[in-house]
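Asker: Attaching a single structure in C-alpha cells format; questions to follow.
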Amino acid sequence: MSIWIFFKIIGSLALLIYGMKIMSEALQKMAGSQLRHILAAMTTNRFTGMLTGMFVTCSVQSSSATTVMTVSFVNAGLLTLAQAISVIMGANIGTTLTAWIMSLGYNVDLTCVVYPAFFFGIMLIYSKRKRYVGDFLFGIAFLFFSLVLLSSAGKELDLEHNRDVIRFFSSFDTKSHLTILIFLAIGTVITCVVQSSAAVMAITILLCSTGVLPIYLGIALVMGENIGTTATANLAALGANAQARRAALAHLVFNAFGVIWVLCLFYPFVNGVCSLVGYNPADTSLTTKQLALKLPIVLAAFHTCFNVTNTFILMWFIPQIEKVVCWAIKPKAKEEEEEFRLRYIGGDSIMKTPELNVLEAQKEIQSFAERIQRMFNMVRELLGEKDENAFNKLFSRIEKYEGISDSMEIEIAQYLDSVSDSHLSDETKAKIRAMLREISEIESIGDSCYNMARTISMKVQGKKEHFTEKQYEHIHQMFELTDEALTQMNSLFSGRKELFDVNRSFNVENEINNYRNQLKSQNISDVNNRIYSYEVGTIYMDIINECEKLGDYVVNVVEARMGTRQKEA
C-alpha cells in the first residue's frame, strides 16, 4: 500500500512539472514575439527592468523561462548585464505567484475546475486558431489535478499518525541554525536534481500541511529551493559568452545573498511572516485540518516577503553586483576572427524555450552577414595589392573565410533544425524557414567573393596583361555598388525590419544589373577594337558578372528577411 502511495506522489509531481511546462510554453506561444519585445524594450532603468521581469514571469508562470530568456538576450547582445540583473530580480518576485497558486490548491477543492478545463482544452487543441489556448487549459488542468492528487496522497499517507516519521522530524532541533542549514542544503540539492522549484514547493507544502514538518524546516527547504532554481540558468549559460554567464551568476549571487541575510535574522523574520497571516509556530493546539489551511499560506507568504524584501534591498546595489560577477567571470582570450567560432549559439545547449532560440540564431546570421562583407572588402583590397607576399597572404585569408562561410551555414542550419524539432508557433516556423533561406544565400555571397578572388589570383599567377585604367575604374565602380548592397543588407539585420526601406535594396540591384549590361556591351566593343585582349576581357567580365550574381543573392536575403518578393518589371 505504501509503495502505491509513493508512486502516486512521484507521479503527481511528474504531472505537476509537466503541467507547468505545458502552461508556460503555451503562454509564450500565445504572446509570441510581443513577450520578447517587452523584455527587450522595457528595461530602460533598474525599476522598469524589475517590473518587466515580474510581469513576464507572472505571465509565463516560470522564473526559469524568464531567466533563461534574459540570459539568451544578454548572449545575443540585446540586454546589458545591468538590465539583465534587474529583470532577474523582478522574475524572483513574479515566481511567488506560483507558490500562491499551490497554496490555493491545498485549500480549495479544484476538481470542479480541472474536469471542465480538460474538456474545453481538448476541443480547442483541435482548433487551428485556438490550439495554444487549449494547451494552456490542459497545462493548468494538469497543474491543479496534480495538486488534488498530492493532497489526496498526503491524506492517505496519514503522516500525522506515523510515529516513525514524527520521531524523525522531531529529532531535529528547530531552534538550531545547523538544522536550518541542513534543510536548506536538502532543498537546494533536490531542486537542482529535479530542475523544478514548483515540485520542491509542492513537497514542502505536502509535508507541512500534515503537521509532521515544522514550519521552520519547511521554510528552510523553500530557501534552498531559491538557490537550487538558479541552476537552470547557469546550465543554459554554459555554452554562452562571458556576459551571459555573468547574468546567470548574478541570479545565484542575488538569491545566495538573500538567503544569507535571512539566516542572520531567521527566527524574527519567520515569526514576523507567521504573525502577518495569523499563525503562531509555538501553538501546538491546532488540528491537522487547521494546519493544512494555515501552513501553505505561511509558506507562500514567506516566499513573497523574502523575494520582495531581497529585491528592495539589492535593487540599489546592481552596479556592485555587476562588478562582483565581472570579477568572478573573466572573458576568454579573444580568438582571431579568422578562426571559425559561433558567437551566439552553442552546439550543446539548446535552451528550454525553443521560441527564444530563434533570437540566438538571428544574431548569429547577422554576425555571418557582417563577416561576409569583411570578406568582400578583402577581395577589393586584393585587386589593388601589388606586393606578391602581401597578395598571397590576403588570398589565403579569403580562402579561410570561404571555409568559415561553409561551416557557419552548416552549423546554423543544424541549430535551426534542432530548434524546429520542438513544438513551435506558426510564426516561429515561418521565421526558421526564412532563416534557412538567408544562410543559404549568404553562403552563396561568400562563394561569389571567393570566385572573384580566385579569378584575380589566376590573372596575377598567370602574369596576364594588366587591366586598363578604364577597366580598373569600372570594376571599382561595380565594387562600390556591390558594397552598398551588402551595407543595406547588414543594416536590415542590425535594425528593425519595419523601419527598413526595401526599395533601396531593389534600386541598388537594378543599378548593378544596368551597369553590368552597359559594361558587357562596352567590353565587346573594346575587344573588337583591340583595346585589350579577349582573354583579359573575359577575366574582367568574370569579375563584373560575379558582382551581379552577388547582388542577386543580397536581394534574395532581403526578400527572405522581409517576407516580400521584388515586383516584376
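The values are calculated or read from the model by the stated rules, or taken from the named source; none is laboratory data. Note that the structure is predicted; figures quoted are calculated from it, not measured. Using ideal geometry, Cβ is built from the backbone for each residue, glycine included, and neighbour counts are taken over all protein chains shown. Heavy atoms of the whole protein, side chains included, go into the accessibility calculation; ligands, DNA and RNA do not. Shrake-Rupley method; radii C 1.70, N 1.55, O 1.52, S 1.80 Å.
Asker: Quick one: what pairs do we get from segment 143-156, first residue open to solvent by 40 Å² or more (accessible area, probe 1.4 Å), second part of a helix (DSSP H, G or I) and at pLDDT 70 or above, C-beta under 6 Å, 6+ apart or different chains?
Answerer: Pairs found: 145/114; 149/12; 156/5.
Asker: Next question. Would you check if residue 424 is of a type in the set (A, V, I, L, M, F, W, C), buried (at least 18 other Cβ atoms within 10 Å of the Cβ), outside any helix (DSSP H, G or I) and out of contact with any His (no Cβ under 7 Å at 6 or more places or on another chain)? Show your work before the answer.
Answerer: Working: of a type in the set (A, V, I, L, M, F, W, C): yes; buried (at least 18 other Cβ atoms within 10 Å of the Cβ): yes; outside any helix (DSSP H, G or I): yes; out of contact with any His (no Cβ under 7 Å at 6 or more places or on another chain): yes.
Against the criterion (of a type in the set (A, V, I, L, M, F, W, C), buried (at least 18 other Cβ atoms within 10 Å of the Cβ), outside any helix (DSSP H, G or I) and out of contact with any His (no Cβ under 7 Å at 6 or more places or on another chain)), residue 424 qualifies.
Asker: Also: Report the residue count in segment 510-538 for those that are over 25 Å from residue 555 (Cα atoms), of a type in the set (A, V, I, L, M, F, W, C) and either surrounded by 14 or more Cβ atoms within 10 Å (Cβ to Cβ) or in contact with a His (Cβ under 9 Å, 6 or more places away or on another chain) (or both).
Answerer: Just the residues of segment 510-538 that are over 25 Å from residue 555 (Cα atoms), to begin with: 522-538.
Pick out the ones that are also of a type in the set (A, V, I, L, M, F, W, C) and you get 524, 527, 531, 536.
Checking which are either surrounded by 14 or more Cβ atoms within 10 Å (Cβ to Cβ) or in contact with a His (Cβ under 9 Å, 6 or more places away or on another chain) (or both) leaves us with 527, 531, 536.
Qualifying residue count for the region: 3.
Asker: Pick out the one residue from 409, 498, 465 that is loosely packed, with under 13 Cβ neighbours inside 10 Å and more than 30 Å from residue 26 (Cβ to Cβ). Before the answer, list the steps.
Answerer: Values: 409 fails: loosely packed, with under 13 Cβ neighbours inside 10 Å; 498 fails: more than 30 Å from residue 26 (Cβ to Cβ).
Sole residue among the options that is loosely packed, with under 13 Cβ neighbours inside 10 Å and more than 30 Å from residue 26 (Cβ to Cβ): 465.
Asker: Is there any pair with a first residue in segment 412-441 that is closer than 25 Å to residue 23 by Cα and a second that is open to solvent by 50 Å² or more (accessible area, probe 1.4 Å) and outside any helix (DSSP H, G or I) whose Cβ atoms are under 7 Å apart and which are 6 or more apart or on different chains, and what are they?
Answerer: Cβ pairs passing all conditions: 418/350; 419/350.
Asker: Can you name every residue in segment 362-383 that is over 25 Å from the mean Cα position of the chain (by Cα) and without any contact (Cβ under 8 Å) to a residue 60 or more places away in the chain?
Answerer: 374, 381
This table checks each residue for (1) of a type in the set (S, T, N, Q); (2) in a helix (DSSP H, G or I); (3) surrounded by 22 or more Cβ atoms within 10 Å (Cβ to Cβ).
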residue	(1), (2), (3)
220	no, yes, yes
226	yes, yes, yes
233	no, yes, yes
245	no, yes, yes
250	no, yes, yes
257	no, yes, no
260	no, yes, no
268	no, yes, no
271	yes, yes, no
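Asker: Could you check, for segment 508-529, whether at least one of its residues is more than 27 Å from residue 443 (Cβ to Cβ) and assigned to a loop (DSSP other than H, G, I, E, B)?
Answerer: Among the residues of segment 508-529, at least one is more than 27 Å from residue 443 (Cβ to Cβ) and assigned to a loop (DSSP other than H, G, I, E, B), which makes the answer yes.
Asker: Give 512, 456, 524 a once-over and let me know the one that is under 16 Å from residue 542 (Cβ atoms), without any contact (Cβ under 8 Å) to a residue 24 or more places away in the chain, out of contact with any strand residue (DSSP E or B) (no Cβ under 8 Å at 6 or more places or on another chain) and not small (Gly, Ala, Ser).
Answerer: On the way: 512 fails: without any contact (Cβ under 8 Å) to a residue 24 or more places away in the chain; 456 fails: without any contact (Cβ under 8 Å) to a residue 24 or more places away in the chain.
Just a single option satisfies the conditions, and that option is 524.
Asker: Looking at segment 105-130 only, could you name the residues that are modelled with pLDDT of 80 or more and either open to solvent by less than 60 Å² (accessible area, probe 1.4 Å) or among the aliphatic types (A, V, I, L, M) (or both)?
Answerer: Selection gives 116, 117, 118, 121, 122, 123, 124, 125.
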